[in-house]
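The values are calculated or read from the model by the stated rules, or taken from the named source; none is laboratory data. Since this is a predicted model, take the numbers as computed values, not measurements. Ideal geometry is used to build each Cβ from the backbone, glycine not excepted, and the neighbour counts take in all protein chains shown. Please note that ligands, DNA and RNA were not included when accessible areas were found on the heavy atoms of the full protein model with its side chains. Shrake-Rupley method; radii C 1.70, N 1.55, O 1.52, S 1.80 Å.
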Amino acid sequence: MRTVLKKIRNKRVKSGSKPQTKVFICTCKNEIILPNELDFGEETTIIEDINSKDTIEKIKKAALNSRVILAGPSPRIMEKHFPEGNIEFVNIREHVSWVGHKPDKIISLISGAIAKQKNSENIEAKKIPIKNKSALVIGGGIAGLESARHIAKAGIKVFLIEKEPFLGGVVGKLDRLYPEGTPNSHTLYPLINEVLGNENIKIYTNSEIEQIEGGLGDYKIIIKTKGNIIEGKNLRKCEEACPISVDDDGIERKAFYYMPTYPDSYCIDFSSCTKCGECVKICPEISLEEKTVSLNVGAIVVATGLKDYDASLIKEYGYGKYDNVLTKLQFERKFSSGLIKPESVVIINCAGQRDQNYLPYCSRVCCMIGLKEAKLIKDVSPQTEVYVNYIDMRSYGSFEELYNTVREQYGVRFIQGRPSEIIKDDDKLLVRSEDILLGKNIEIKTDYVVLMTGFVPDTGLLDKLGIPTENGFPTEYVNSSRSVDSNPKSVFIAGAAAYPKGVSETITDAREAAQGVTELLIQEHAVFKTPTAIINSDICGEIDCRICLSACPYGAVYLKDEKVSVNPELCMGCGICTATCAAGANQLIGCEDRGMLSQITNTVEEGDILAFLCKWSSYNAADKTGYEGLSYPENVKIIRIPCTGRVDAQMILKAYSSGAKSVLIAGCPPDACHYFTGNFKARKRVIALRELIEQFGINPKSLRIEWIGKEESKRFVDVVNELNNK
Amino acid sequence: MEQEKLKIAICRGATCSGCDIAILDIHERILAVLEKADIVFAPTIMDAKYEDVEKMGENEIDVCFYHGAVRDSENEHMARLMREKSKILIAFGACACFGGIFGLANVTNKKEIFKEVYHDTASTVNEDYVVPQPLYTDEMGHELSLPKFYDDVYALDDKVEVDYFVPLCPPIADQIMTCINTIVSGNLPPKGAVIASERTLCSECERVKSDKRKITRIYRPHEIEIDEEKCFLDQGLLCMGPATRAGCGTICIKANVPCRGCNGPTKEAFDQGGNFLNLIATIFGIEDEELSEEDLVKLFKQIKDPLGTFYRFTLPKSTLRRVKK
């Protein structure tokens, strides 16, 4: 029983001095008309031009040791001047002056801001030291090599690890690259030479990640590495003696083998090696043992690339059942090595792709690979019949030219339709499909079928790093194009590990990742200015309800020694968890319950419409009404919030109890929440709350949630007008 | 020298008297209490007249336990009187702290209540609509008075200053003893303290919680066989633990009954019912994005009577205080 008389420890009241509040009001060169009486009981300064350097410095200085309220233009514009400091912005230009509202509205807006700030903690920038000035690049394919090269060139130590015996990745196994059909050596060999020639790069082949610990700037990595055989005689004899045969994507080889990339030596494929010891008998220097190496790095590049989707899962195409149904890589390797000389080939695009039964997505590059294979066949053997079955040709951008060339000059036959089945016909195959353009069923007799199966990521590493994934690819890359958001884990994703990519895109991408790593590691500290949530350990003890853990879109709320904690490096400051906590234990700094509630109490007057607008979208739409000379009713008061997901029941109920006749919550369009699901969570809360307020005798229709994008100023005006007229 | 005994009063407002019984529930420990203290006023357990208290001097009573809400002028009169006569006034039980079950009357008002009680009920015949009046003079000229019935129910601190709060419905014996011992020791907590834990009830609860909190369907306790080991929320039962202050020792939960929130919210939460509904809304539903607005409306219809369920003990202390008149 823990029932104790416990002293109330009021953490909020800072020991010693309570900072003073200073109010600055900008008239924007007399554009904003101020009310006749301005008495907030606080030191108030009227300024004329917020863009003057002197004024900015003066306010910055004031913000060092007092709470500053800055009323003037929209915070969207003002924030850039004040990246740090404890400043509460009040938008009296866009939301009062420009929409033609009476100057008196300024008083309630500023009073609200003062009250909020008095009940808020200071937002302090998080500084995380970069302890290790070195980087780990995982994956020795094109992406990894290119990233490593660029990071090392900046003078940073790089550990490059590759799980296969040889560098080169998927590209190393190819014959040629699209669109021109350039041999892979053009790209790969100079790249490997550059990497080998840089002393800052330490390469571990035949190595895998065993353990990852730590976080931004300070990772401890343990890798498992197996000996590279550089020294030793009679290695060719070892290969002959090796009893293990491996089908390496179409090419037969031993587990003891050679590839002309790096290392320039025979190596053992430990994934197939049975450790029989036949090679050791011939060459006693060979070590079959593995050792662990521990590395300390500050940043990680995940360049683990992709692999083919397992074609044998697509039952109707008989892969694994018929020897002459091949994947794209197997076909390319067999054909270019001269192992097969087909008279006819059917290439099936989108095999198992864009199909809910198999791979739901499009792998982006297969159409081009199909064209490349078709061209390869025709280049080598012009008399071979080549058919391409496709659903849609997605030869985007300049690849259209490749498509036209292959179709018109090379005489490859393109059939629109997804083959329904492949059956054996003597020693040939019969491909049955519909030709959609002709509107009839067709059958093609062929020597070989090449399946353009999709790509899947080649690793489960992202999960290990705590990066959310969708179909194995990192969610952030799948869903959005944002780039300014900080990289909280100092994990950068290069190349096809992010999503399927061609070689040129991979190289661009790898450089971008390298730039991110370099930029981070040359600093002493990584600085994050996003306010974070904190857990009040007086209220939330061990384990507790843990509901905020499920609410966080970033996995930033986690259990540390059985205690709910927030990882400040991962927290993006959305406030979804704060809104979820029913005990007030979880508070988003700068946007705490107490602060928000006092802002609402002091802002709202009888009959107002209180609008909580998301700073990423709807707030900007409201700003835009001002630029456009639109207006909306005077009684609409706007409170800026990081995300609609921050708005909780307390805030909505407080608005009503303070006299609001309607409450609007508006944020980003459905699938476009900056924090993934904040808007959906807000919608659920609003719908649940409508039932409740109806019981309280409040019209449930007066509580609205809307998706208002940043350009949708007219919609904003329509919505508030509608609410006002009810 | 023998220490002077403490003078204790137990005063009742709008109450079910469960709080009185709760005090008697300390059983033989009451003997130890009586060694240290005299009970000077406790209408439920001993003969007492209001005049006795009125005759007392200011601060003559050391501690007054006031239980029950403030529902009529008599309750308010006694609250003010006890405040005047007591050094320490304790809001005792959920009703005094938050309005409690009586506070649920804030969904209606005096007129409606009178109409229901004195007219509409099936067993009542009241054609002339005779309802209690605060003042009545009979034919002989005698004046009879009744307390004035209020429109709203109030918590004790809505009317008078309160020193300490002892919530729960009713307070439990251990908590009462802690409270009395602390006062006897003279080592008093700061004014306004709630004599319970600062934490949420989940911190005391030993049930196993799932890692990913998600509710797909809401059940009422009679609808399913309740697992005694698993968190109620994981079973789709509305347990108010996450929105409720700890300190009761999870007695209901140990009896396989979900928490109803009688210990009130924590110090940083300002609307127990709204907060709990908000929390449920966050984890309710399969995947946020997959449900249409209509689906969600249907889903939330599974929560019956959110006001009555989630503000069961705290309506007068909630943000909106009462249903709009």
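Structure data summary
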item	result
B versus A: buried accessible surface, summed, Å² (probe 1.4 Å, to nearest 100)	5600 Å²
Local electrostatic count, A:E569, Cβ distance below 12 Å [Lys/Arg +1, Asp/Glu -1]	+2
Inter-site label distance for A:E512 and A:D718 at 7 Å from Cα along Cβ, in nm	3.5 nm
Loop-resident sites, region B:92-176, for trypsin sites (Lys or Arg not before Pro), counting at most 10 other Cβ within 10 Å (DSSP)	none
Between region A:122-141 and region B:6-40, the Cα center-to-center distance that results, in Å	62 Å
Å² of accessible area per residue within region A:604-726, as computed with a 1.4 Å probe and no ligands counted	30 Å²
Where labels lie 7 Å past Cα in the beta-carbon direction, separation of A:L64 and B:E229 in nm	6.1 nm
Gap separating the Cα centres of region A:583-650 and region A:305-348, nearest whole Å	58 Å
Degrees separating the helix A:678-695 axis from the principal Cα axis of chain A, which is the longest one	40 degrees
Label-point separation in nm, A:T292 to A:K53, each point 7 Å along Cα→Cβ	5.7 nm
For chain B, built as a Gaussian network whose Cα springs stay under 10 Å, the top-fluctuating residue of B:H27, B:H77, B:H142	B:H142
Antiparallel DSSP beta bridges within chain A, percent to nearest 5	45 percent
Whole-angstrom gap from region A:372-398 to region A:221-298, using each part's C-alpha centre	37 Å
Per residue, in Å², the accessible surface of region A:307-456 once ligands and nucleic acids are set aside, probe 1.4 Å	44 Å²
Residues of region B:266-286 buried by at least 50 Å² on assembly (accessible area, 1.4 Å probe, chain alone as reference)	B:K267, B:E268, B:F270, B:N275, B:L277, B:N278, B:L279, B:T282
Zone residues, region A:433-453, relative to A:R413, backbone N less than 19 Å from point 7 Å out along Cα-to-Cβ	A:433-452
Environment charge at A:W707 (Cβ cut-off 12 Å; Lys +1, Arg +1, Asp -1, Glu -1)	0
Per residue, in Å², the accessible surface of region A:153-261 once ligands and nucleic acids are set aside, probe 1.4 Å	47 Å²
Residue-wise HN-Hα coupling along region A:72-84, computed from phi with Karplus coefficients 6.51, -1.76, 1.60 (Hz; x: Gly, Pro)	x, x, 4, x, 4, 8, 6, 4, 4, 6, 10, x, 10
Accessible area of region A:514-589 belonging to carbon and sulfur atoms, whole % at 1.4 Å probe	50 percent
For region B:2-80, share of DSSP beta bridges that run antiparallel, in % to the nearest 5	10 percent
Additional length obtainable on full extension of the chain from B:E58 to B:E293, 0.36 nm per residue less Cα span	78.6 nm
Of all accessible heavy-atom area on region B:201-316, the percent that carbon and sulfur account for (1.4 Å)	50 percent
Accessible surface of region A:38-90 [probe 1.4 Å, protein heavy atoms]: carbon and sulfur percent	45 percent
FRET efficiency, 1/(1 + (r/R0)^6) with R0 56 Å, evaluated for A:D379 and B:K304 via beta carbons	0.15
Helix axis angle, B:73-85 relative to chain B longest principal axis, alpha carbon, degrees	70 degrees
Chain-alone versus full-assembly comparison, region A:633-656, residues with accessible loss of at least 20 Å² (1.4 Å probe)	A:A649, A:Q650, A:L653
Förster radius 25 Å - calculated FRET efficiency between B:K159 and B:M46, Cβ distance, rounded to 0.05	0.50
Under DSSP loop assignment and at most 11 Cβ neighbours within 10 Å, longest GluC sites (Glu not before Pro)-free interval of chain A	A:290-523
Backbone N under 15 Å from the A:S537 label point (7 Å along Cα→Cβ), restricted to region A:582-601	A:586
Two-site FRET efficiency, B:V130 against A:T469, from Cβ-Cβ distance with R₀ of 45 Å, rounded to 0.05	0.05
Cβ-defined net charge surrounding A:S617, 13 Å radius [Lys, Arg +1; Asp, Glu -1]	+1
With at most 15 other Cβ atoms within 10 Å, longest stretch of chain B clear of loop GluC sites (Glu not before Pro) (DSSP)	B:61-126
